[in-house]
Amino acid sequence: MDVPVAEPVVRAVSDLVAAGDTGYPASPDEYVAAFSAFAADRWGWQVDATLARVVPDILAGLGAVIEATTPPGDTVIVPSPVYGPFFRNPRLIGRVVEPVALTAGGRLDVPALEEAFAAAVAGGRRASVLLSNPHNPTGVVHTRAELEALAAAAARHGVVVISDEAHAPLVHPGATFVPYVEVDPRGVSVLSAAKTWNLAGFKAAIVVAGPEARAIVDAFPVTLFNGVGHVSLVAQTAAFRDGGPWLDELLPALTRSRDLLVDLVAEHLPLARMQVPESTYLAWVDLSAYGAGDDPAALILERGRVALSRGTDFGPGGEGHARVNFATHPEILTEAVRRIAAALA
Ligand SMILES: Cc1ncc(COP(=O)(O)O)c(C=O)c1O
């Protein structure tokens, strides 16, 4: 996002560096406490600290849960299109990735997922499913009813749902984020302050197991926490503890930016189809009617000098699409859409 870093984070990190306190972390407890207070305040979620583990980042957390729930050669099911590392990372650790298409409206297709669960666990094999909650790239915020249906289907087949909640605090008015483990005691949620406060360079994240999934976090290698830096913990702790006012200023600005993008696309890209994101600062735009092939982002970069995320990086269903990051100033967004339109004309 094109935003200045939240002042409490700047202060916490500056004080730390000025004091020369740049060594190892003593413990993850303050981070867990700050996150838990944030989760209780924003979502009414009472996090059980004994079920929480601090890990280097969200992807490391997802990887650790995959390692704990499926042996190599077994299946990770991925609603698609979705954030690219959901495909790449499980493959890197020897799992088979099985994409399941979202519905035409970009929502979870629970009956199709359940079919994939049944196939994946046939013959006594194990499977997990990676959920993007809210969903990157569509910005869909899964409803409680959708998550409950998913949880029931997963329970019927012994599949573990791993919920990546990287964008959870960034929900626009009208939608409500539901922490996955609130609806599924067998599931696992993974969160951090990185996306919300623009702190991806300060690596830390938290894995919270549902009450019936304690064995999953207990199976994490003890060395996992060694990848978490002290300065990162301090930065993200400050964000969760003191970054609420900054977030409350950011959210209406992001919603305005989203609405501006919707208007700009309607005006300048009449053939584009864009789902209005219910969350975060990313928009998933179907540009296939412009005839620019599977990867319109390549043409737009070359001709318009605007960098979008390539749709095909989001797996099957991403062809002809591009992902726009709209967390920028109105003038920049306006100029970007004008250039995209000119490039596709
Ligand atoms: C859905 C989702 N998960 C995970 C990440 C990466 O998080 P981390 O850097 O903590 O691994 C991102 C970053 O864009 C994301 O969008």
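The values are calculated or read from the model by the stated rules, or taken from the named source; none is laboratory data. Just so we're clear, the structure is a prediction, and the values are computed from it rather than from any experiment. So basically every Cβ, Gly included, is an ideal-geometry build from the backbone, and we count neighbours across all protein chains shown. Areas reflect the complete protein model, heavy atoms only, side chains present, ligands, DNA and RNA absent. Shrake-Rupley method; radii C 1.70, N 1.55, O 1.52, S 1.80 Å.
Remarks
- Within the range 281-302, residues that are modelled with pLDDT of 95 or more reach partners that are of a type in the set (D, E) with beta carbons closer than 6 Å, at six or more positions or on different chains, in the pairs D294/E319.
- Within this structure, S309 passes the test of being crowded, with 17+ Cβ neighbours inside 10 Å and within 16 Å of the ligand (Cβ to nearest atom).
- Residue match in the range 62-70 (condition: crowded, with 23+ Cβ neighbours inside 10 Å and more than 30 Å from L233 (Cα to Cα)): no
- Any hit, the range 191-200, residues being assigned to a loop (DSSP other than H, G, I, E, B) and more than 16 Å from the ligand (Cβ to nearest atom): no
- Only one entry of E67, E114 meets the criterion of being away from the ligand (no atom under 16 Å from the Cβ) and at pLDDT 95 or above, and that entry is E114.
- Filter pass, P79 being closer than 30 Å to R310 by Cβ and either touching a residue at least 12 places away in the same chain (Cβ under 8 Å) or among the basic types (K, R) (or both): yes
- Residue within the range 272-284 that is at negative phi, polar (S, T, N, Q) and assigned to a loop (DSSP other than H, G, I, E, B) present: yes
- With respect to the conditions (1) more than 13 Å from the ligand (Cβ to nearest atom); (2) in the same structural domain as G105 (by TED's automatic domain parsing); (3) out of contact with any Gly (no Cβ under 7 Å at 6 or more places or on another chain); (4) modelled with pLDDT of 95 or more, A168 lacks only one, and its number is (1).
- Filtered residues of the range 205-232 (kept if crowded, with 24+ Cβ neighbours inside 10 Å and within 16 Å of the ligand (Cβ to nearest atom)): A205, I206, V207, V208, S232
- Selection status of A155, more than 18 Å from the chain's Cα centre (by Cα) and in the same structural domain as V178 (by TED's automatic domain parsing): yes
- Subset of the range 112-132 [touching a residue at least 60 places away in the same chain (Cβ under 8 Å) and in contact with a Ser or Thr (Cβ under 7 Å, 6 or more places away or on another chain)]: S128
- Scanning the range 14-42 for residues that are more than 26 Å from the chain's Cα centre (by Cα) and part of a helix (DSSP H, G or I) yields a count of 5.
- Subset of the range 74-90 [open to solvent by 40 Å² or more (accessible area, probe 1.4 Å) and away from the ligand (no atom under 14 Å from the Cβ)]: none
- Among residues of the range 17-37 that are among the aliphatic types (A, V, I, L, M), those with a beta-carbon under 6 Å from a residue that is surrounded by fewer than 16 Cβ atoms within 10 Å (Cβ to Cβ) at least six positions away or on a different chain give the pairs V32/A49.
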